[in-house]
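The values are calculated or read from the model by the stated rules, or taken from the named source; none is laboratory data. None of these values were measured; they are calculated from a predicted model. Using ideal geometry, Cβ is built from the backbone for each residue, glycine included, and neighbour counts are taken over all protein chains shown. Note: areas computed on protein heavy atoms with side chains; ligands, DNA, RNA excluded. Shrake-Rupley method; radii C 1.70, N 1.55, O 1.52, S 1.80 Å.
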Amino acid sequence: MIPPVPLPDAALVLPAAARWLDMAGLAVFAASGALAAAGRGQTLVTLAFFALITGVGGGTVRDLLIGAPVFWVRDPHVAGLCIGLAIAIWVTPGRWWSGSALAWLDAVGLAAYAVYGAAKALGHGVPPVPAMVMGVVSACVGGIIRDVLAGEPSILMRPELYVTAAALSSTSFVTLQMLGFGTGAAAAVAALLGFGLRAAAIRWKLALPAYRATPRV
C-alpha cells in the first residue's frame with residue numbers, strides 16, 4: 001500500500017499575504033469579461049454581469065468542488081470590485097484598453113489565480129493531483145464561461161498555450177510544496193513559470209500541435 005503524501009498545514013499554504021494573488025487574478029478576469037461585453041456594444045448592466053461571472057466563475061466552481069464556502073458570497077469586496085471595474089471600463093475611452101495590454105494582464109492573472117487555487121485546495125485537505133486541477137479550474141473556468149456567453153470559441157478549443165500555462169503554475173506550486181519549499185518561494189517560482197510560458201506564447205505565438213486523424217486506408 002502506497003503511504004499518503006503528507007499535506008502542508010493549511011495556515012502555511014494560505015497565509016494572509018496570499019490574498020493579493022486572489023484579488024490580482026479576480027481583477028484581471030473581471031476586466032476581461034467587461035471588455036468582452038463592451039466590444040459588442042452592450043449596456044452597463046451587461047458589462048457588470050460579464051465582469052462578475054468571469055471574475056468569480058473559476059473560484060466558485062473550485063470552492064464548490066473542494067467543499068469550501070463560496071468566497072465571493074462571504075467577501076463583500078469581491079462583487080464590488082467586479083462591478084467597479086465594469087463601471088471604469090464603461091466611462092473610459094476604448095483606446096485605453098488595447099488587446100495587447102489586456103493579454104499581458106491576463107497572463108499575470110492566469111498565473112496568480114492558478115497558484116492561489118492550488119494553494120486553497122491544499123489548505124482544505126485536497127490531495128496533490130486534484131489540487132493541481134483545482135488551480136487550473138480557478139484560472140480557466142471564468143474565461144470559458146465568458147467565451148460561451150459572448151459567442152466566442154472557448155479557450156479550451158484554441159491551440160495557444162493558455163490552459164497549459166495555468167497547469168504549469170498549479171503543478172509547479174504543488175510539487176514545490178511537496179518537496180518542502182516555503183510557501184512564498186513556491187508561489188513566486190510557480191507564478192513566474194506560468195507567466196513565462198504564457199508570455200512566450202503571446203510573444204512568439206506558441207501553440208500545442210493539433211490532433212491529426214490517421215487517414216483511412
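Numbers at a glance
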quantity	calculated
Options [x] 154; [y] 171; [z] 111 - which one matches volume of the Cα convex hull per residue in Å³ as calculated here	[x]
Heavy-atom accessible area ranking, 1.4 Å probe, most first, across Val163, Val91	Val91, Val163
Residue-normalised accessible area of the stretch 68-110, expressed per residue, 1.4 Å probe, Å²	59
For the chain, built as a Gaussian network whose Cα springs stay under 10 Å, the top-fluctuating residue of Arg198, Arg158, Arg95	Arg95
Mean Cα-pair separation over length for the chain, i.e. relative contact order, pairs under 8 Å, 6 or more apart, %	24
Most fluctuating residue given options Leu168, Leu110, Leu44, as computed from a GNM of the chain linking Cα atoms under 10 Å	Leu44
Axial C-alpha extent at least 30 Å, average Kyte-Doolittle at least 0.0 - helices from the chain (DSSP)	44-66, 99-123, 128-150, 183-204
Largest to smallest accessible area among Lys120, Lys205 [probe 1.4 Å]	Lys205, Lys120
Stretchable slack from Trp96 to Val189, in nm (0.36 nm times residue separation minus alpha-carbon distance)	30.4 nm
With all protein chains modelled, accessible area of Asp147 [1.4 Å, Å²]	10
Nearest-0.05 FRET efficiency for Arg40 and Phe71, computed from C-beta distance (R0 30 Å)	0.60
Label-point gap, in nm, between Ala103 and Leu208 - each point 7 angstrom along Cα→Cβ	2.0
Cα gyration tensor shape of the stretch 93-217, rounded if a/c is under 1.5, else prolate or oblate by comparing a/b with b/c	oblate
Anisotropy class of the stretch 51-116 from Cα gyration tensor, a/c 1.5 cut	oblate
Value at 222 nm in deg cm²/dmol, rounded to 500, when DSSP H runs of n ≥ 4 in the chain each add -39,500 (n - 2.57)	-23500 deg cm²/dmol
Highest-MSF residue in the chain out of Leu197, Leu161, Leu206 [GNM, Cα springs under 10 Å]	Leu206
Estimated FRET transfer efficiency when R0 is 22 angstrom, pair Leu64-Leu179 (beta carbons, to 0.05)	0.15
FRET efficiency for Leu149 and Arg19, using Cβ-Cβ distance with R0 set to 25 Å, rounded to 0.05	0.35
